[in-house]
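Structure first, then comments.
Since every read-out is calculated from the coordinates, none of them should be taken as a lab result. Note that the structure is predicted; figures quoted are calculated from it, not measured. Because the Cβ atoms are built from the backbone with ideal geometry, glycine has one as well, and the counts that use them run over all protein chains shown.
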Amino acid sequence: MKIGIIGAGNIGGNLTRRLSALGHDVSVANSRGPQTLEELADETGATPVAVEEAARGAEVVVITIPVKAVPSLPSGILDGAADGVAVIDTNNYYPQQRDGRIAEIEDEGLTESRWTERRIGHPVIKAFNGTYAQDILDRPRAAGDPDRIALPVAGDDEAAKAKVRALIDELGFDTVDTGGIDDSWRQQPDTPVYGLRAGTEAVTKALAEASPERPATFRG
């Protein structure tokens, strides 16, 4: 499968490593240009590209950049992607630590990923936002392994969600359906499931215990 990854930080870099190792055709981009990704490309066999080219022909696009950088993505970032492209949003809103206050999230009550959808003009699937980056490399397990971690996945597009869940299964993780993007607050920072390394039963329980009230530490 052709996969475009926008952002080459901890999550983006490790997804590039694993997805390339699984035989996918991965293109990776960052804000500093493809020339800064040569080392990652040499390591993985992925193709470094400009941000504008990352989605070209892609069946899956991963956006894994700071929330504050999302509005700076080029207009038409998904132009040229494959029909039915699934867009994965791994982002978290950290107003005090990094992103500054975003009124639509805090005053209108938009989930972080709904806000991202509005910026890019395309539905997203929220996944990997509470995953430790190193676990992508170190914690894959075969299906049925009692130590297999489950990741929460939210989204409105059921076909795209199924595609993403299948890809996560291929990466070596179970998934739990969080619901639609308006339900994705259940996996935002400081919820019980955020950073939880556990199986499907514990993840399902943690999602049910989440509160929709944004904690003070994650308000601007």
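The distance from the alpha carbon centre of segment 26-40 to that of segment 77-153 is 20 Å, rounded to a whole number. Beta bridges from DSSP with both residues in the chain: antiparallel share about 10 percent, rounded to the nearest 5. When the helix-only estimate is applied to the chain (DSSP H runs of n ≥ 4, each -39,500 (n - 2.57), divided by the residue count), what is the mean residue ellipticity at 222 nm, nearest 500 deg cm²/dmol? Using -39500 (n - 2.57) per qualifying helix, the result is -7500 deg cm²/dmol.
Working from Cα pairs under 8 Å separated by at least six residues, relative contact order for the chain is 17 percent. The C-alpha atoms of the chain occupy a region whose extents along the principal axes are 42, 42, 31 Å, arranged from largest to smallest. Using bins of 10 Å that start at zero, the share of Cα-Cα pairs per bin across segment 5-84 amounts to 20, 57, 23, 1, in whole %.
The GluC sites (Glu not before Pro) of segment 175-220 that meet both conditions, a loop assignment by DSSP and at most 14 other Cβ atoms within 10 Å of the site Cβ, are GLU209, GLU213. Loop-located GluC sites (Glu not before Pro) in segment 75-113 (DSSP state other than H, G, I, E, B) with a sparse environment of at most 10 neighbouring Cβ atoms within 10 Å: GLU108.
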